[in-house]
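Notes follow once the structure below has been shown.
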Amino acid sequence: MDKISHFLTLKDLTQAQFLGLIELAKQVKTTPEKFNQALVGKSLVTLYEKPSLRTRVSFDIGIAKLGGHSVYLDQNNGALGKRESVADFAKNISCWADGIVARTFSHKTVEDLAEFGSVPVINSLSDMYHPCQALADFLALAEQFDDLSLIKLVYIGDGNNVTHSLMIAAALAGVEMVVICPEGHFPDGKVVQDTQALAKSHGGSLLLSTELSAAKGADAVYTDTWISMGDAINYDEIKEKFLPYQVNRQLMTSLGDGYFMHCQPAHIGQEVTQDVFDGQNSLVLTQAENRMHAQNAVMISLLS
Ligand code: CP
Ligand code: NVA
């Protein structure tokens, strides 16, 4: 597998690199003792312009499990680029740290950190992508299905950063993917076009629809919040449009009772009901656990 230099979007990976990371994440999960020296002597800055539970904790603990050290820069530093330019921020951090993990509002900020810094940058969520999440999600799927190229993955809800990364991951794995959104809330058109071409070249497909019937036979149904961090939308404005797309027991049964997936945080009673979220087919806690193993695989690939 060719070495990767940053982890900003899954679009930058070849199929071999993506599947290689999933394989490595499986090894990190099953034999952690083999990797507990992987980051000895290395320090990473993890910085946040937005709130986090899973990302913050899974990176901090994950870095410690690899023998490394993390420095947390919280939201109190304000948006990057205000006190000093993103370029200066990146150049300074690169004087001390061996890597940067960044959760930002604008995807351009993670790109700038990578361009102006001299150490690997990992995108831990931007307005456009959430590649660490999709890698963890595909590790969860790979644990359930021996051959990912045979599954049908359905995303229902708002076309957002999580959707984009999931679509690209599905395309790299040759998966049949369907994205179902209310009119006006589809994923970014350019990402859709690029992903459709990528899916085709790997034997997968990406279909967009407003119809829930397109989800029939889903092996896994994925949803996410209807309003993402940084979206200037009021819940009351979109509620009526989105409620028909709620993932509830009746919908799951009508689709064939596949697995349920959610990146969390979940908004129970909005995009998903409690019974589905806590149901026996729910993979949500496996996805959360896998964040750490997937990210550790990324850090091992980038830094050791
Ligand atoms: N899924 C996820 O990224 O969760 P946090 O926002 O809590 O980090
Ligand atoms: N789409 C969500 C994901 C949170 C993990 C957001 O960006 O807020």
Problem set entry | Rel. contact order, % - alpha carbon contacts under 8 angstrom, at least six apart, segment 1-71 | 32
For this session: Treat every Asp and Glu Cβ in segment 18-111 as -1 and every Lys and Arg Cβ as +1, leave all other atoms uncharged, and give the resulting dipole magnitude about the Cα centre to the nearest 20 debye.
Result: 220
Seminar exercise, completed: Under a Gaussian network model of the chain whose springs join Cα atoms within less than 10 Å, the largest fluctuation of 280, 27, 75 belongs to 280
Exercise. Relative contact order of the chain: what whole-number percent is it, with Cα pairs under 8 angstrom and at least 6 residues apart?
Worked result: 20
Exercise. With the dipole of segment 40-120 worked out from charges on the C-beta (+1 for Lys and Arg, -1 for Asp and Glu) around the Cα centre, which of 62, 80, 48 lies farthest toward the positive end?
Worked result: 62
Problem set entry | Cα centroid separation, segment 253-297 to segment 178-195 (Å) | 21
Problem set entry | Shape of segment 72-116, Cα gyration tensor, a/c cut at 1.5 | rounded
Problem set entry | Out-of-range pairs (alpha-carbon distance over 18 Å; input 152/239; 50/82; 108/200; 50/190) | 152/239; 108/200; 50/190
Seminar exercise, completed: Sorted by chain and then number, the residues having a modelled amide H within less than 5 Å of the amide H of residue 48, at least 5 places away or on another chain, are 73, 103
For this session: Can you list which of the GluC sites (Glu not before Pro) found in segment 189-258 are DSSP loop residues with at most 11 other C-beta atoms within 10 Å?
Result: 211
Problem set entry | Dipole in debye (nearest 20) - segment 128-269, about Cα centre, beta carbon charges: Lys, Arg +1; Asp, Glu -1 | 140
Exercise. Amide H neighbours of residue 122 under 5 Å, counting only residues 5+ apart in sequence or on other chains, H built in-plane at 1.01 Å?
Worked result: 7, 100, 101, 102
Seminar exercise, completed: Among 281, 229, 206, the residue whose Cα sits farthest towards the positive end of the charge dipole of segment 171-304, when +1 is placed on the Cβ of each Lys and Arg and -1 on the Cβ of each Asp and Glu, is 206
For this session: Assign unit charges at the C-beta atoms only (+1 for Lys and Arg, -1 for Asp and Glu), then state the dipole size of the chain relative to its Cα centre in Debye, rounded to the nearest 20.
Result: 620
For this session: Using per-residue counts of other Cβ atoms within 10 Å, averaged over each peptide, order 154-165, 109-120, 198-209 from highest down.
Result: 154-165, 109-120, 198-209
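Bear in mind that the values in this text are calculations on the coordinates, not laboratory data. Only a predicted model underlies this, so the values are computations on that prediction, with no experimental measurement involved. Cβ: placed from backbone, ideal geometry, glycine included. Neighbour counts: every protein chain shown.
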